1. When you check A:GLY443 against the structure, is it within 28 Å of A:ILE194 (Cβ to Cβ) and within 16 Å of RNA strand B (Cβ to nearest atom), yes or no?
2. Taking the options A:GLU218, A:GLU234, A:GLU253, A:GLU246, name whichever one is surrounded by fewer than 19 Cβ atoms within 10 Å (Cβ to Cβ) and within 30 Å of A:VAL450 (Cβ to Cβ).
3. Give the residues of region A:534-561 that are touching a residue at least 40 places away in the same chain (Cβ under 8 Å) and exposed (fewer than 15 other Cβ atoms within 10 Å of the Cβ), sorted by residue number.
4. Failed condition for A:PHE163, given (1) crowded, with 18+ Cβ neighbours inside 10 Å; (2) of a type in the set (Phe, Trp, Tyr); (3) within 20 Å of A:GLU54 (Cβ to Cβ), with all others met?
5. Could you tell me whether region A:75-95 includes any residue that is part of a loop (DSSP other than H, G, I, E, B) and either touching a Cys at 6+ places or on another chain (Cβ under 8 Å) or at pLDDT 95 or above (or both)?
6. Tell me the strands (runs of 3 or more DSSP E) entirely within region A:429-499 that contain at least 3 residues that are within 24 Å of A:LYS512 (Cα to Cα).
7. Just to check your reading of the model, which residue among A:ASP285, A:ASP296 is under 30 Å from the mean Cα position of the chain (by Cα), surrounded by fewer than 20 Cβ atoms within 10 Å (Cβ to Cβ) and closer than 30 Å to A:GLU246 by Cα?
8. In region A:199-223, which residues are among the hydroxyl-bearing types (Ser, Thr, Tyr) and farther than 30 Å from A:ILE434 by Cβ?
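The values are calculated or read from the model by the stated rules, or taken from the named source; none is laboratory data. Just so we're clear, the structure is a prediction, and the values are computed from it rather than from any experiment. Neighbour counts are summed over all protein chains in view; Cβ atoms, including those assigned to glycine, are modelled from backbone coordinates with ideal geometry.
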Amino acid sequence: MKLKSSYFFTLRENVKDEDSVSGNLLARSGMIKKNSSGVYMYLPMGYKVLKKIEQIIREEMNKTGAQEVLMPSLIPEEIYEASGRRALIGASMFALKDRFGKPFVLGPTHEELFVMAANHHVKSYKDLPFNLYQFQTKFRDEPRPRFGLIRVREFIMKDAYSFDKDLDGLTLSYQKMYDAYKASFDRMGLNYKIVTADTGVMGGLLSEEFQAVTDIGEDRLVLCDTCEFASNIEVSPCVTHDIPLEPFKDLSELYTPNVGKIKDLVENYQISEDKMTKSMIYMIDKTAVLVMVRADDEINEVKLQKLFGATVVELASAEVVENLSHAKIGYAGPIGINIKIVADHRIRSMSNFLVGANKTDYHFQNVNVDRDFKVTQYADIRNIKPNDECPKCGGKIYFNNGIEIGNTFKLGDKYSKALGLEYLDADNTLHPVIMGSYGIGPGRCLAAIVEQNHDDFGILWPKALAPYTVGLVIINTKIELQNTTGEDLYQQLLQAGVEVLLDDRDERAGVKFNDMDLIGIPLRITIGKTLEQGKVEVKFRNEKEIQLVDLDQVLPFVKNFLK
RNA sequence: CGGGACGUAGCACAGCUUGGUAGUGCACUUGCUUCGGGAGCAAGGGGUCGCGCGUUCAAAUCGCGUCGUCCCGACCA
């Protein structure tokens, strides 16, 4: 492409609206433009990169034998009723009605439609297995879009669905997808971790997330410094060792005026956090439950949800808390409260600790379980922390932040049972089809790649993804020899199948260099004053040094680079 | 959905307190001089000041409403 007479612009300053490095660099380099909150235009260069990402994924999917399809975005709402997900996904769906009043949604995810598609084909075990996938726009009404392309309301997703006759088949299908995902992300040059995760509204037997490691990642990844253990914090188990209790001291009230927060208690009363508990009242499917963890631990709501098999877990409102504890927020505690008490395993080994007194401005100290109150149930309900013991090998835990770029699910028979997708086995009996689902967000990949590959000047695209691999810069378009040489090299490279960008604009050298750096072209060829010696300058985006190359050696040089 | 901030040219912003001619930098057009890491000078083009209603002789400025955007939190596939 020639820049003169092309749709191309860059911005010199950061865009106020973009809060992430990738969002800003992509906007400044003219690759994307925000249209409304969480909704983006992909402009020519950005779209080119997106298409390359898609193509890598497509090739890896096709290698597994999966077949590409395209489902609609406009979907009758009733099909989500049938699977029971209308209520579950609820507020996140963009919903609308047609002219006759029939309710539709803009598809947020497509398990249901793929089950319907499969139903047209599957009668017998001989029709299985197979795998269908698509690249298609998803609509999710996110409460708070942010970080450029990372959390958006409209985005393209590659979603794939495997259909097998049994769990052994699913294991094979799942492994194929897992390997294809690894191959795809490796080709994109991403630094990523694979972690076990919560199955969320997808449900099913297993979920693993492919997480690009970056500072702005919204997920916390739990990793071990000695073994392969990797988990999303949502589901990472914690190891608790019981320790002997101390001799009980006498229970007493402690007057703590206006000190309801843990931090203030530590500061004002010199009580260490491992001698305190945090008591929070949760509404678990509309039932109030007191949840206790040690003061320096965090409550893990996903674990609570699984423990109760619940749909909705949320903190109780201030009103409910004050009614149940007969005190202002901050003073709820287990003694004398009349609801179920769930405590983390760690509470079992605590003695002579501090709890809220269910009385404004008071705490109890020297509290002991069983003597002073009963715990209904002990469970693992806290978040694991850095330096904790690895649940798998005992090694030391550390954290990374991650962007979820892919997710694989072993769904089992959840959707096939709900929607009646069955096959007839060799012994003439009906069985539900066993499914898996697999998603990749190409837009998130794009953003994650920029997060992982940039410097002060702009983006550094990996060769395989750059919108153009070679950038030809004509320093002075008023010098005819530079123009003709540029045009000649441009044609040579084009004919050799190289994706080349020719900067033939009447701009100053600095502008051209900065633009090439900003948009991240991996190899820059400069046609300038060394032309008098029959040479051009060659510079890699990720290196400082400039090399001189004879004009007739340019093509071999580029070909060698592309190998 | 709670708390906070903001909406003025393509981008970043000033002007608003104290109502009276629409401003700056970058970008854009033309000319001259420059020309190897975001040039200089000069002359220009581009705005229903988010939208609506109100107050007023007069509203970017004051009031009410509304829509939108961003941040923190809640939520999150």
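1. Considered against the rule, which asks whether it is within 28 Å of A:ILE194 (Cβ to Cβ) and within 16 Å of RNA strand B (Cβ to nearest atom), A:GLY443 comes out as yes.
2. Answer to the selection: A:GLU218.
3. A:ASN542, A:LYS559
4. Condition (3) is where A:PHE163 drops out.
5. Checked region A:75-95: no residue is part of a loop (DSSP other than H, G, I, E, B) and either touching a Cys at 6+ places or on another chain (Cβ under 8 Å) or at pLDDT 95 or above (or both).
6. It comes to A:470-474.
7. A:ASP296
8. A:THR214
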